[in-house]
Structures are given as C-alpha cells and as structure tokens.
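*Asks:* Right, I'll just put the structure down here and ask away after.
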Amino acid sequence: MRFVFPKFFTQLFPLNPLIKFSGQRIFLPFYHAIQGKNSLPHIHHLYRLRSKSQFENDLDFLLKHYQAISLNQLLDHIQQKSSLPKNSFFLSFDDGLKEVFEIVAPILESKGIPATIFINSAFVDNKDLFFRYKASLLIEQLDKKVYSAVIKNQFHEILKNHQIEGKTLKVQLLNINYLNKNILDKLAEVLEFSFQDFLNQQQPYLTSGQINQLLRKGFTIGAHSIDHPLFNQLDMQNQVMQIQESTQFIQHNFKVPYKVFSFPFTDYKVGSSLFQTIENKKLVQLTFGCAGIKKEQFPTHLQRFAMEGTDRPAFQLLTSAYIYFFLKSIIGKNTIHRI
C-alpha cells in the first residue's frame with residue numbers, strides 16, 4: 001500500500017514547483033478499469049476502482065498541470081530525443097478489460113486524451129481468465145452462498161494439501177499464485193462454480209472487434225504478457241517467452257507498427273539481464289513498470305503510477321508522490337538499480 005500524506009500537508013505544496021524541481025516532467029498514470037453501474041466481482045476483492053466521476057476529476061486535474069501525450073510521441077521522445085510539452089502525462093490501462101471500451105474510451109475522446117491499453121494475449125476474446133480474478137470470484141461465491149459442511153471440508157482439504165496458508169479463507173485464496181493457480185480450478189469444481197460460464201455471460205475482457213474499434217479511434221495497444229504471471233517467479237527463458245509471444249500476438253492480429261510491453265503485477269526484482277536481453281534482441285521498443293515516480297537504470301524502461309486502490313483525490317496522490325520522491329532522493333533511493 002502506498003503512503004499518502006494527509007490532505008492538509010499536501011495543500012502546503014503547490015504541484016507545479018514540485019514537478020519542476022523534481023525534474024520528472026513525464027507523469028505516467030495507469031488504471032485497470034473504471035467502476036460503472038454494474039458490480040465487478042472478479043475485481044471486487046482485489047483492489048478499489050475509481051468511479052466514473054473520480055476518474056473524470058483525475059483527468060481534469062491532470063489536464064491542468066500536464067499535457068496529454070500519445071504513445072507515438074513518447075516513443076519518439078525516448079528513441080529520437082524529440083521534444084515534449086514541458087509537463088506531459090502518458091495514460092495507460094492494464095489487463096484489457098471491457099470497461100475501457102464501454103466507459104473509458106468515450107470519456108477520453110470527449111477530452112481529447114490518448115491512451116494505451118495493455119492486453120494479455122490469452123485473455124483477448126474472453127478465452128481465459130486471470131487467476132487473481134478467479135480468486136476474487138471464489139471469494140464472492142463463498143460470501144453470497146451457504147455451502148454444506150461436506151463441501152466446506154473438501155474446500156479446506158484442498159487448501160491444506162497444497163499448503164496454502166493464511167489467517168482467513170480470503171487471505172488463503174489470495175495467497176494462491178501463478179505457479180499453483182490450478183488449485184483455483186479444483187476449488188471451483190468443489191463449489192460447482194464455472195469460470196467458463198462467467199466468461200461467456202459477463203465477457204470481462206475486450207474482444208478483437210472492440211480492440212480494432214479502439215485502434216481506429218486512435219488509441220494504441222501494447223502487450224501485458226500472455227497470462228499475467230509475476231515475472232520474478234519465472235526463469236529467464238519463460239520471461240522472454242511471455243514477452244515475445246504476447247507482442248507477436250499483437251503484431252499478428254492487430255498489425256500495429258510498434259512493440260511495447262508493461263510488466264504484469266510489477267517489475268520488482270526483475271534483473272538487469274532481462275532488460276539487456278530485451279535491448280539486445282530488440283524484443284520491444286519500450287517497457288513499463290509500476291513503481292511510481294522513480295528514475296530508472298534503463299532509459300527504455302519507464303515507471304508508471306497507479307491511480308487506483310484509494311479514494312484520495314488526484315492532487316493528494318500526486319503531491320504525495322513528488323514529496324516522497326524528494327525524500328527518497330536524500331538517501332539515494334529514488335533510482336531503481338537492478339542486479
């Protein structure tokens with residue numbers, strides 16, 4: 001959980017001077033989805049989404065302090081050293097969820113803001129479901145339905161046999177990771193809950209048709225891995241495979257002239273050897289993490305800032321982030337160095 005300074009404290013620091021003196025003139029906010037009228041049980045137990053009004057307030061605040069830039073502008077700046085507006089923001093969305101098409105895109109079009117959507121190749125057209133979304137759905141199912149003692153015992157036995165620990169059942173389910181994600185399918189069978197039915201009925205992800213419509217409207221897309229693993233749990237071969245196959249999927253299916261990649265979950269503990277491989281093999285032109293306002297060891301890897309998980313207004317989030325950047329600089333911790 002990020003640290004956010006109290007409102008009264010952040011109001012003491014005007015944002016524009018903080019941006020200027022930090023030298024961090026490009027701000028990279030990102031979201032996953034925006035909460036509309038419908039409940040989103042696959043996300044509900046994972047993180048707090050911004051409402052439509054909160055999102056619009058975020059955008060209005062950003063437009064007061066920055067100028068929105070496109071992926072092409074960002075690529076030209078990084079690769080060709082082309083100039084950008086004095087203060088710029090680059091907006092992106094992870095996971096390729098349908099709310100980007102239904103709620104986000106119309107708002108961005110009305111405000112003239114470009115954005116990039118990072119998609120998982122395995123989930124496009126609702127072919128499969130992110131394992132964390134499966135965990136959230138099972139938590140939701142357990143909350144709303146009463147199960148017999150026999151079923152509960154079977155459920156707990158599976159968790160025990162796979163040594164899944166946690167103080168509560170919710171914590172246990174959320175402790176299931178990418179490497180043992182098949183446990184979630186076994187648990188769903190016990191509850192007679194169908195992830196496939198959820199995919200068919202709710203269609204949480206963008207379809208190929210919707211992605212093509214977004215591209216025609218001027219939005220851009222990038223890769224977010226095949227099926228959303230935590231990269232520091234993978235060996236180098238599988239890290240490279242996740243990047244290559246997901247970017248090739250986008251190139252083949254959507255014919256875009258660029259290759260960009262955002263790390264699923266986080267790029268924390270991803271070693272320098274992977275970034276050197278990306279550069280040497282020209283796997284992609286630009287990669288993105290989500291460590292907030294940080295300097296990076298690799299110039300073609302940029303850190304983004306998560307706008308979700310809180311109800312705090314944008315001015316408080318951003319001001320806190322820049323103050324935190326200054327405090328970290330005192331002890332030399334505002335640059336990410338990779339081993």
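The values are calculated or read from the model by the stated rules, or taken from the named source; none is laboratory data. In this text, all values refer to a predicted model and were calculated from it rather than measured experimentally. Note that each Cβ is placed from the backbone with ideal geometry, even for glycine, and that neighbours are counted across all protein chains shown.
*Asks:* Using the structure shown, decide if Asp227 is closer than 17 Å to His32 by Cβ, among the charged types (D, E, K, R), modelled with pLDDT of 95 or more and in the same structural domain as Asp125 (by TED's automatic domain parsing).
*Replies:* yes
*Asks:* Just to be sure, is Ala135 in the same structural domain as Val171 (by TED's automatic domain parsing), modelled with pLDDT of 95 or more and more than 21 Å from Leu75 (Cα to Cα)?
*Replies:* yes
*Asks:* Take the conditions aromatic (Phe, Trp, Tyr), crowded, with 18+ Cβ neighbours inside 10 Å and farther than 21 Å from Leu97 by Cβ and apply them to Phe118. Does it pass? Write out each step before concluding.
*Replies:* On the way: aromatic (Phe, Trp, Tyr): yes; crowded, with 18+ Cβ neighbours inside 10 Å: yes; farther than 21 Å from Leu97 by Cβ: no.
No, not satisfied.
Okay, residues lined up against (1) touching a helix residue (DSSP H, G or I) at 6+ places or on another chain (Cβ under 7 Å); (2) over 22 Å from Asn212 (Cα atoms); (3) surrounded by 17 or more Cβ atoms within 10 Å (Cβ to Cβ):
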site: Asp235; (1), (2), (3): no, yes, no
site: Asn238; (1), (2), (3): no, yes, no
site: Gln242; (1), (2), (3): no, yes, yes
site: Thr277; (1), (2), (3): yes, yes, no
site: Lys282; (1), (2), (3): no, yes, no
site: Thr287; (1), (2), (3): yes, yes, yes
site: Lys294; (1), (2), (3): no, yes, yes
site: His301; (1), (2), (3): yes, yes, yes
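*Asks:* Within region 1-13, track down each residue that is over 26 Å from the mean Cα position of the chain (by Cα) and surrounded by fewer than 13 Cβ atoms within 10 Å (Cβ to Cβ).
*Replies:* Phe8, Gln11, Leu12
*Asks:* May I pose another question? Look at Ile164 and say whether it is within 30 Å of Leu274 (Cβ to Cβ) and in the same structural domain as Phe265 (by TED's automatic domain parsing).
*Replies:* When the stated conditions are applied, Ile164 does not pass them.
*Asks:* Would you call Phe13 in contact with a strand residue (DSSP E or B) (Cβ under 6 Å, 6 or more places away or on another chain) and closer than 16 Å to Phe325 by Cα? Don't jump to the end; show me each part of the working.
*Replies:* On the way: in contact with a strand residue (DSSP E or B) (Cβ under 6 Å, 6 or more places away or on another chain): no; closer than 16 Å to Phe325 by Cα: yes.
So Phe13 fails the test.
*Asks:* If you scan region 309-339, which residues turn out to be outside any helix (DSSP H, G or I) and either aromatic (Phe, Trp, Tyr) or closer than 22 Å to Phe30 by Cα (or both)?
*Replies:* The answer is Gly309, Thr310, Asp311, Arg312, Pro313, Asn334, Thr335, Ile336.
*Asks:* Do we find that Asp95 is at pLDDT 95 or above and out of contact with any Phe, Trp or Tyr (no Cβ under 9 Å at 6 or more places or on another chain) in this structure?
*Replies:* On the way: at pLDDT 95 or above: yes; out of contact with any Phe, Trp or Tyr (no Cβ under 9 Å at 6 or more places or on another chain): no.
In short, no.
*Asks:* Of all the residues that make up region 86-138, how many are among the acidic types (Asp, Glu) and under 18 Å from Leu71 (Cβ atoms)? Even if it seems obvious, please write down each step before you answer.
*Replies:* Quick first cut of region 86-138, residues among the acidic types (Asp, Glu) only: 94-95, 99, 102, 109, 125, 128.
Still in the running and under 18 Å from Leu71 (Cβ atoms): 94-95, 109.
Residues in region 86-138 being among the acidic types (Asp, Glu) and under 18 Å from Leu71 (Cβ atoms): 3 in total.
*Asks:* Output the residues belonging to region 212-241 that are among the polar types (S, T, N, Q) and under 23 Å from Leu91 (Cα atoms). I'd like the intermediate steps shown before the answer.
*Replies:* Restricting attention to region 212-241, the residues satisfying the condition of being among the polar types (S, T, N, Q) are 212-213, 220, 225, 232-233, 237-239.
Across region 212-241, the qualifying residues are Asn212, Gln213, Thr220, Ser225.
*Asks:* Only one of (1) at pLDDT below 95; (2) over 19 Å from Phe325 (Cα atoms) fails for Pro41. Which number is that?
*Replies:* Result: Pro41 passes all but (1).
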